[in-house]
Amino acid sequence: MPRSIQVVMFDFGGVFTDSPFEAVARVGVKLGAAAGQIEAIMFGPYHEDTDHAWHRLERGEIELERAVREIAGGGLREVLVERVRALRDAGFATALVTNNVAEFRPHWRAMLPVDELFDLVVDSSEVGVRKPDPAIFQLALEGLGGVPPERALFLDDYPSNIAAAEALGIRGILVESELRETLAALDRLIG
Ligand SMILES: [Mg+2]
């Protein structure tokens, strides 16, 4: 019997990395800053000299890429990277569908072996369409060779992005901080 799922598509931030929303909240709490005080989160308590990533960057202790990574939300989830490799080995096509910023491209692309993991990357800043616009998923499905939506899975940490994909007939998995349930849901749906 042919399996029904052919392609698996992934969001990047909050999926391959810890949640940037939680990271911002954590840093905000640590700094004693109100949520939304982005300058404080980016630059730390600037009137002091601390171990905040920006201060370490300005002291030349770390490079820009690492500072951006630390400020923007933690390390790479290797377990998910391994799972994407296994999916490709098993014959699934894979795509990354990311809302992103052109200037961030060198930084996030340096975090994981993009060309090894994904058949296709759809970056909002390249295609001019961002989630939750359904057109971004249609671009991904076309780019993967015209795969029907019901043959695709999509993983994202933002519920309205999942809802937009599901409205097209794509099956969605909401990614939460604990990856165990995410990986179990993936296994169930591709089985
Ligand atoms: Mg995300």
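The values are calculated or read from the model by the stated rules, or taken from the named source; none is laboratory data. What you see is a predicted model; the values in this text were computed from it and never measured. Every residue, glycine as well, gets a Cβ built from its backbone with ideal geometry; the counts of neighbours run over all protein chains shown. Keep in mind that these areas ignore ligands, DNA and RNA; they rest on the heavy atoms of the full protein, side chains included. Shrake-Rupley method; radii C 1.70, N 1.55, O 1.52, S 1.80 Å.
Before anything else, pin down the relative contact order of the chain: Cα pairs under 8 Å, at least 6 apart, normalised by residue count, whole percent. Could the numbers behind the result be given before it?
On the way: 276 pairs, mean separation 50.4, N = 191.
About 26 percent, as a whole number.
Hey, could you grab the Kirkwood Rh for region 129-175? Inverse mean 1/r over distinct alpha carbon pairs, Å, one decimal. Every distinct Cα pair counted, the radius reaches 10.3 Å. GNM on the chain, alpha-carbon springs under 10 angstrom: the most fluctuating residue among Gly172, Gly13, Gly60 is Gly60. The listed residues Met42, Met9 rank as Met42, Met9 when sorted by accessible area, largest first, using a 1.4 Å probe. With the charge dipole of region 40-109 set up from +1 on Lys and Arg Cβ and -1 on Asp and Glu Cβ about the Cα centre, the Cα lying farthest toward the positive end among the listed residues Ile62, Gly75, Thr98 is that of Thr98. Radius of gyration (Cα atoms) of the chain, expressed as a multiple of 2.2 N^0.38 Å: 1.11. By how many degrees, 0 to 90 and rounded to 10, does the Cα axis of helix 179-190 deviate from the longest principal axis of the chain? That helix lies at roughly 20 degrees to the long axis.
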